[in-house]
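Here the structure comes first, spelled out in structure tokens, and everything after it is commentary.
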Amino acid sequence: MELYLNISLTFSSLFSMPVLDILGVNVEFPFTPYDVQTNYMTKIIEALQTGQNAVLESPTGTGKTLCLLCATLAWRFSELKKIKALEVQDKQIEEGLGAWGANNAAPNETTPNVAKIIYASRTHSQLSQVVKELKRTAYGKQVVISLLGSREQMCIHPEVSKQTSNQTMVHMCRNKVNKHLCHFYNNVDDARKNGIFTKEVMDIEELVQLGNKRNACPYYSTREVSKQVECGVIFTPYNYLLDRKSRRSHNLEIGGNVIIFDEAHNLEKLCEESASFDLSSLDIANCIEEVGDLLNAVTKMAETGTVADGHEAGETTALSEFKKDDVALMKSFFLALEEHLDKIELPASKSKSEPGRYIFDFFSKVNLTFDTHEILLELMDKISSYLSTLSNSFRTRGTALQKFSEIIKVAFSASSTGPGDAGTPTFSIYSAPARPSIEELTRFYRVHICEDAPKTGKKDLWKKDKGTLKSKPSRTISYWCFSPGYAMQDLVRNGSRNLILTSGTISPIDSFVSELHVDFPITLVNGHVIDKHQIFVASLTRGMNGVKLESTFKSRGVMEQVVELGNTVAEVAKASPGGLLVFFPSYAAMEHYVKAWRESSDVMRKLESTKLCTVEPRGKGELKDAIEKFYSDVKSPQGGALFAICRGKVSEGLDFANDNGRAVLIVGIPFPPTQDAKVKLKMSFLDDLKRSGVPKVIPGSEWYRLQACRAVNQAIGRVIRHRYDYGAIILCDQRFTRKDQVNELPQWIQSHVTSFDDCPKAMRRLRSFFCSVREKENFRLRSLSGKDAVQPKRSQPAIDKRADKSTISSSASRQVSFGGMKKMYDITKLPKMSDPDCHVPSRVNKPNNSTFAPDCMCQASTLNTRKRKRVEHGNDSKKANLLDALDQCNDVTEEEEPTNLGEAEAHPMSTHLLVMDRRMAETQKKKKIKIKRPPTMETPLEDAKPSTSNGPTQEQPDERRARFGSAGGLLQTIKKVLNSEGYKTLKGATETYRQKENIETLVESLAGLFLDNPAHHYLLRAFVRFVRPKHHTRYSELCEILTGQKCILTQTESNT
């Protein structure tokens, strides 16, 4: 059926939210949406109305979450209205009052229940952010939600909540609940009846606060809310939804409901991990220890009637319920399992792989089968529950048995058939099937057995020796799922209405969908809401000294390349304001570079002199402190740099909006480790499917490459977090210049990528980018603050009058750093660009009607009293300007070919560069140099005639000489300041200016030459004499932004 988009914007009152009519559904949105937001909501409603699955990509910062919530809830409320209308109609028919008369029969079909929205995200913190977004909408006051969390976050029992182990917390909680010893749980039913947890939308923190206030358990209360018909949205982490056992324990009913996976770029990995496990010799040994400890206690209780040491905290009645023979049998089971794992023959490589069925053959050797695993699980859960009551702050007990219990659930949840049923497979990962047979498991599972590398850490004095393990190397048997479609199809088989997958970095969508083995007819790759001036993307092939940039395992051993990369990072840090994020391929690579930069070179000294550096820690517990330090560093005058890794904790889910993430730099391409057994097996698995003729399967090599691309895209997503955010992306590896690599970047970024062989030029462009975007942002904020402003000549971003003006003051005082300079700007108090008084320190306190009397004002007719060389063009004789002079400069190197720039517009102060070069060469030979100033410079400054301009600019004597002295003297000074490479850049910039007349590009190039040293800023301002008259005013404005001072213009120049 062809769908037509009908969008109309209506306002019921002046202060109401806009209402959009999208495919017949009225969507209340907090503000007038952008086109990309409308497109996104249209696809969502199309998927909901047709019941089809959808994969939607929309960049971070486009309001994806807000659109998702508004569109889905608007659709659900429209469905509720339809049901209520049908109910009223049925009632009228029954009472004989219907429009069709009493003889019309009532509809045969019963009114269907309205689908609930199950909204899944990766972490609880992300879900809390989603709830905050929901509060911003009109639906936040209308919908009932259930936010499912863990006991670690939501338990308020004073004893249980103190436990450090999640498994211990689970068993203690269950024990108290079953025996009605938790008064918080006992109040859950009253809380449900009174609607305590449904009166308003709350995040986890607010739920816990309310639970403490009303003495009702928020953990069980939210689970009760999810069962209610009134509940419209259930927020849950991925793992609660993907795992069948977790769904049952959390009462997640997916039949007939809409399932949304936000941040779905990780879904493939999480689906595989939820259906996989690793079982090591140490895990089995810990199970032996826990069961053996219980066996000793049961034996002592049976023989002497006394409680064994360490079991005093447990319940005697619970201990007496265990039968000695059952516990002894359990211990012998684990001993046999340990023995069989040790007996597996391994090749010289100490590892091997087997098909999926191998795991059932392995377990069957210890009589663990489909017929016996339920009995074993029941006893293990009973033992681990008892042992958890013995846990304290020094020792956690029962966790090994709990882990093994989870392993058994994963292994035997894959099939409901018996071990001998090896007939025709009943499951296909490419169709909608029934439960899989064991034989079919070999298609998407692999078993890997390996010998673990010995650990060099300190011995744990609290642990006992594990007997036979003391002299034997530990082994691990792994059961790995390589088809994320297995978990996804489980959702389809259980009757989900439709699946909506969304993220900012899913592309390429075709390969992503092919891994899930579920049809997704509706797809979208959205653009961004930002303007092109808000993003700068550069791929660098060479560093500051011309050395190739490449981060591979081989290149990390070349010190020259390591140092070159470090110097490039230091230059980016120097050119970027605010926070810089530097992403490395791996922890090993990051540690190698940082160590080399600190110990074998002065790179870290350069970096730390520019920005305060923080390194992402390996441990999860240390991450919070590291991030807080980085945020604090960003606010400091020096700014901050954060070293992190792709696929790490920093690259996932953390927000680096505004100054916290002004630039992101990618070091190398983060390919997965080629020698990792899981990576090799995954590639082999895909190649096997490809050879067998399975459609829509990518080869292993393509999967390997896409993993690196998606990791890069996710790291890139840390910059540009909202409509008016801006930032730079620097790709430091020559491989990023390849077309195939660029094509895998997010679609909205691809058109912005510029490749640079000249790193210094890229740094000048980077400085100019931040200069330009800051000017535009200041203009926007001044406009929002109600002050008049002269709009810059460049195209401006659309001013969003909906923006919250309260946010202006919080970010008003900004520090901008360019080329080592740091300045503080209060952007809410910036004067109009047309009011020079406020920009000049000496005139700030003068009245607005003050006149501008320059310190040095000369008549245009007297500025140039020296005779100049003439360039003949036919019968006309004109002054040769700077642009023509560049053609004939006598310092052209052998590698350079002179370019004829042709005649350009004459300027009163222009001169022939060839003549100037010769004069400079001649003066260098003389012992004494006498410089004759123009007559106007002999006149004291106090005698300068006043002008009608608005205020003076304070200049040093060197600047006055450069501005109004001889052009040759200015060129001589510039040539002394610049090296040969810089002088070459100067000539190239003026050539470009001559051809394109783009004053911003000229200033951008000059800024890279003169901004690094504040003592040379006057040369940038004095260069206005070589600029065409029509660009004088704009050039002066740009100089003020960069140096804090405008150029001194003569009366004639100002009028021009």
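The values are calculated or read from the model by the stated rules, or taken from the named source; none is laboratory data. Just so you know, these numbers come straight off a predicted model, no measurement behind them. In this analysis, Cβ positions are derived from the backbone assuming ideal geometry, glycine residues included, and neighbour counts consider all displayed protein chains. Keep in mind that these areas ignore ligands, DNA and RNA; they rest on the heavy atoms of the full protein, side chains included. Shrake-Rupley method; radii C 1.70, N 1.55, O 1.52, S 1.80 Å.
Backbone geometry of region 261-278 corresponds, through the Karplus equation with coefficients 6.51, -1.76 and 1.60 at θ = phi - 60°, to 3J(HN,Hα) couplings of 10, 8, 6, 6, 4, 9, 5, 4, 5, 5, 4, 5, 5, 5, 10, 10, 7, 10 Hz, x marking Gly and Pro. Among the trypsin sites (Lys or Arg not before Pro) in region 616-720, those located in a DSSP loop and surrounded by at most 15 other Cβ atoms within 10 Å of their own Cβ are ARG618, LYS696.
The VAL19 and ASN194 beta-carbon pair, evaluated with R₀ = 41 Å, returns a calculated FRET efficiency of approximately 0.75.
Pairs LYS365/LYS678; LYS331/LYS472; LYS64/LYS532; LYS162/LYS620: which are spaced more than 23 Å apart, C-alpha to C-alpha? Too far apart for the 23 Å limit: LYS365/LYS678.
For region 989-1053, the square roots of the Cα gyration tensor eigenvalues, ordered a ≥ b ≥ c, give a/c of at least 1.5 with a/b no greater than b/c, which places it in the oblate category.
With the simple spin-label model, which puts each label point 7 Å out from Cα in the Cβ direction, the ILE83 to LYS532 separation comes to 5.0 nm. In this structure, the amide hydrogen of VAL27, modeled 1.01 Å from its nitrogen in the peptide plane, lies closer than 5 angstrom to those of LEU20, ASP21, ILE22, counting only residues at least 5 positions away or on a different chain. Applied to region 1004-1016, the Karplus parametrisation 6.51 cos²θ - 1.76 cosθ + 1.60 on θ = phi - 60° returns per-residue 3J(HN,Hα) values of 4, 5, 5, 4, x, 8, 10, 7, 4, 10, x, 5, 9 Hz, with x for Gly and Pro.
Ignoring ligands, DNA and RNA, what percent of the 1.4 Å accessible area of region 242-394 is carbon and sulfur? Heavy-atom surface of region 242-394 belonging to carbon and sulfur, 1.4 Å probe: 50 percent. Can you compute the label reach from SER413? Point 7 Å from Cα along the Cβ direction, backbone N cut-off under 11 Å, restricted to region 477-494. What the label zone holds, given the 11 Å backbone N cut-off, is 487. Heavy-atom accessible surface of region 245-403, averaged per residue, reaches 45 Å², computed with a 1.4 Å probe.
Between amide H atoms placed 1.01 Å from N, distances below 5 Å from LEU642 occur with LEU580, LEU581, VAL582, THR614, all of them 5 or more places distant or on a separate chain.
Using a simple spin-label model with pseudo-atoms 7 Å out from Cα toward Cβ, THR306 and LYS162 lie 2.9 nm apart. Share of region 25-90's accessible area from carbon and sulfur, percent, 1.4 Å? Whole-percent figure for carbon plus sulfur exposure: 49. Using a Förster distance of 22 Å, how high is the FRET efficiency between SER632 and SER601, based on the Cβ-Cβ distance and rounded to 0.05? Once rounded, the FRET efficiency stands at 0.20. The chymotrypsin sites (Phe, Trp or Tyr not before Pro) of region 320-384 include none that meets both conditions, a loop assignment by DSSP and at most 11 other Cβ atoms within 10 Å of the site Cβ.
Note on ARG248 and ALA657: with the Förster distance fixed at 35 Å, the Cβ-Cβ geometry gives a FRET efficiency of about 0.35. In order along region 526-539, the Karplus-derived 3J(HN,Hα) couplings, from 6.51 cos²θ - 1.76 cosθ + 1.60 at θ = phi - 60°, round to 8, x, 9, 8, 7, 8, 5, 6, 8, 9, 10, 10, 10, 10 Hz, and Gly and Pro are given as x. For region 620-662, the share of accessible area belonging to carbon and sulfur comes to 52 percent (1.4 Å probe, ligands and nucleic acids excluded). Ordered by 1.4 Å accessible area with all protein chains kept, LYS343, LYS975, LYS403 run largest first as LYS343, LYS403, LYS975. Once both labels are positioned 7 Å from their Cα atoms along Cα-to-Cβ, the gap between LYS996 and LYS761 label points is 1.1 nm.
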